[in-house]
Amino acid sequence: MTIATIEIKGTNGEDVYVDMTEEIGVPQSTEREGHESSASVYASSNSQERQRKNSSHSINALTHGPSEGWNGTPHLAVELYRTLMRSREQDYVYEDDKDTADILPFIKEFLEVTGRDIRKSAGDLGMFPLMELKFKELGFRVTAREYDQTILHPISGAFAPGSLVAIMGPSGCGKSTLLDILSQKKTLPYTGEITVNGHSPDKYFNRMTSYVPQADYGSGLDKVSESAMFASKMKAYYKADQANAALRQQHLDFLLKVLGLSHIANSFIGDGQTRGISGGQRRRLTLLKGLITGPGIAFLDEPTSGLSSTDSETCVRALKNLAKLTGTTFIVVIHQPKSTVFEMFDHLLLLSQGKAVYNGLRSEAQDYFTKLGYPVQQYTTPADHFLDIITPGQVGANPEFFIEQYAKYINPTILNNLDVVAKGDTLKQSLVKIGHGRERSKFPLSRWHQYCLLQKREFRLFFRNADEILTILANNLVMGLLLGLVYQDVYSAKLDAVNSARFSYQFAYIFFVLIVASLTALNSVPAMLTSRVIFQNERAEGYYDVLPYMISKFLTTFVTCAITGTLVLVMSSYWLAGFPASQVMFVFAIVLVEYICVESIVSFTSSCATSIAMANSLAGAVISILSLFNGWSANSLSTPTYVVWIQYLSPFYYGFQAIVVHLYDETVTKQYALHSDWGVWGGIVIMLAMTIFYRYLQFWALKYCNQLER
């Protein structure tokens, strides 16, 4: 007899004991007052020997409203325990009683973190309805002019809700390809059919699932807790009456604890310039961001890569327990797990040479290969043994034989079971039922709320980057002082139009102010490419769309770089050059508009580039050409007619013209073929129009160019 007692810290700091005297493993017949139990039965075949027993996860306790707890204890403790008891009553098949008992410490951990304030069910944590994933004859082939290879041969299967699935196989066997197809991340065409609860995936699929990629991403200046909370706010659903920081924080604290990240919650993630957390901790953070959104299905591509064996076991155990508690299906690509980790998985899918060799219960795999004449040898773990015998080139391996046996016995049974279609709610209907809102959109938040969260993060990250701030200010201050000293008092002894040399010096100052201001935009190219990687991953995960991201980046640049840097440059040089003090703010405004226009051109060209080197070369070439046709060193008087038209594409020309037309009379402007008839505002309006045009081009470049290829 196993008795469960859970100790929880009460609101006054005293220990509160919940004495759960029901026996684990003994069916109970008592019904919960006021609530009906609900269960879904999912049947699938996993071998030619026998059908998998019907299983069901009762998650009624996780989806209904509040009720009274025992001894003042939060209702969640009672409900989670009763869920386990109810699942026994409804014939849920555990491997043994220990499997049921193992989850109780996890429940205790959950309650110790969240139990003080939560008085509602775990459904408020945003868990989505159960999702059964089926796939039939999925295949992927790459065809090019001189290249034709089948990466993944047709494969079929089904994953029940609440299961922990391992996809294993040698390198290059198609594991990640299959995961990308199942998660709807594959950007190239594939063959076959995927259904969720009997329906084809639609635009809501991304809202109800999560994807943990192989590569970690994030800003080094973000803290661990901030990065995870951003993911929660962008994608995790909380009911309207629970949309508060406390509930989100409790959910985050719980996941930080079970993944072993609590002690570094306030540490910076770090990068090449900022000291931060270790690679293994960064990997667990990426996993946490995939879990905190409350997915119905989570796809994880080698989440334990780079982790120690202990950390790997901690992470997989957390997945196992979360699958039991929430009904979330975890589909994991994993490479050579140790024995204790391997035994946590419910379902095993083995691939070799792009074909399936086993697809069924993990607990039955050893018997299956034994009956085929390949038993697990003494002192060899099952996971290592399976990989050894299916990897081409290994001693004793026979992958072709296992592929043949799978096609002969297992695959026909799977296909027969897939023909039995039991349709449930569509993904949209599920969103409506749980009151998620925005049922017509593929994004959980409106674009306005996306922008607000992005803008807050952008400002936070910028003002933490003291090195960048000091560099911008110092660069503009030094260059401004140098310009002021080189052209000191160049305007004070203003002569008439006959002394053209004097005007040339004055115009040179104006030109170089415009050029130096644009250098800050060129210097920001590497940062643009780095942030684009984060944008691509977060957009693919369904956090936000292109427009909110663009606006937040633009306003951050405008407030921090454009205004601050340009203001320092103009103020530090203008008076030294002797120009009239009454016109300083006008000159500053023109230089600011010109900078914004140049920065828009640089942003567009960088969005089209595939690398930092290419972006630097492309942006540098474009800005160099445009700066040459500036209205002073090259204009219609000195430039051949077949190239002079380029000046009308240059923001330097319009900025230079606006300042000169404002400061000088018509005699001077005509001498340099400037359009004084346009007036001062003509150049400003054209530069603003060019800014909008290049931002429009950048929008489409971000949307369709250099997307993540999977």
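A few points about this structure:
- Residue pairs whose Cβ atoms lie under 8 Å apart, sitting 6 or more positions apart in sequence or on different chains, and linking a residue in segment 686-710 that is among the polar types (S, T, N, Q) to a partner that is exposed (fewer than 14 other Cβ atoms within 10 Å of the Cβ), are 706/610; 707/187.
- For segment 281-309, the set of residues classified as in contact with a helix residue (DSSP H, G or I) (Cβ under 7 Å, 6 or more places away or on another chain), over 15 Å from residue 259 (Cβ atoms) and modelled with pLDDT of 90 or more consists of 299, 301, listed by residue number.
- Meets criteria (more than 38 Å from the chain's Cα centre (by Cα), touching a residue at least 12 places away in the same chain (Cβ under 8 Å), in a helix (DSSP H, G or I) and over 22 Å from residue 545 (Cα atoms)) for residue 374: no
- Residue satisfying all of: in segment 334-389; surrounded by fewer than 20 Cβ atoms within 10 Å (Cβ to Cβ) and small (Gly, Ala, Ser); nearest to residue 318 (Cα to Cα) among these: 339
- Selection status of residue 313, of a type in the set (Asp, Glu) and out of contact with any helix residue (DSSP H, G or I) (no Cβ under 6 Å at 6 or more places or on another chain): no
- Helices (runs of 4 or more DSSP H) contained entirely in segment 485-587, each with at least 3 residues that are over 16 Å from residue 607 (Cα atoms) and without any contact (Cβ under 8 Å) to a residue 60 or more places away in the chain: 500-523
- Residue within segment 401-419 that is part of a loop (DSSP other than H, G, I, E, B), out of contact with any strand residue (DSSP E or B) (no Cβ under 6 Å at 6 or more places or on another chain) and more than 16 Å from residue 348 (Cβ to Cβ) present: yes
- Residues of segment 455-469 satisfying the condition of being acidic (Asp, Glu) and in contact with a helix residue (DSSP H, G or I) (Cβ under 9 Å, 6 or more places away or on another chain): 458, 468
- Filter result (crowded, with 19+ Cβ neighbours inside 10 Å, free of Cβ contacts under 8 Å to residues at least 40 places away in the same chain and either outside the structural domain of residue 587 (by TED's automatic domain parsing) or part of a helix (DSSP H, G or I) (or both)) within segment 638-668: 647, 653, 657, 661
- Lone qualifier among 227, 219 - being farther than 24 Å from residue 181 by Cα, among the polar types (S, T, N, Q), at pLDDT 90 or above and out of contact with any Asp or Glu (no Cβ under 8 Å at 6 or more places or on another chain): 227
- Subset tally (residues that are among the acidic types (Asp, Glu) and under 43 Å from the mean Cα position of the chain (by Cα)) for segment 469-494: 0
- Residues of segment 285-341 that turn out to be aromatic (Phe, Trp, Tyr) and assigned to a helix (DSSP H, G or I), as a count: 0
- Among strands (runs of 3 or more DSSP E) entirely within segment 112-187, having at least 3 residues that are at pLDDT 90 or above and under 25 Å from residue 313 (Cβ atoms) singles out 164-168.
The values are calculated or read from the model by the stated rules, or taken from the named source; none is laboratory data. Quick caveat, the model's predicted, so the values are computed rather than measured. Cβ coordinates were reconstructed from backbone atoms using ideal geometry, including for glycine residues, and neighbour counts include every protein chain displayed.
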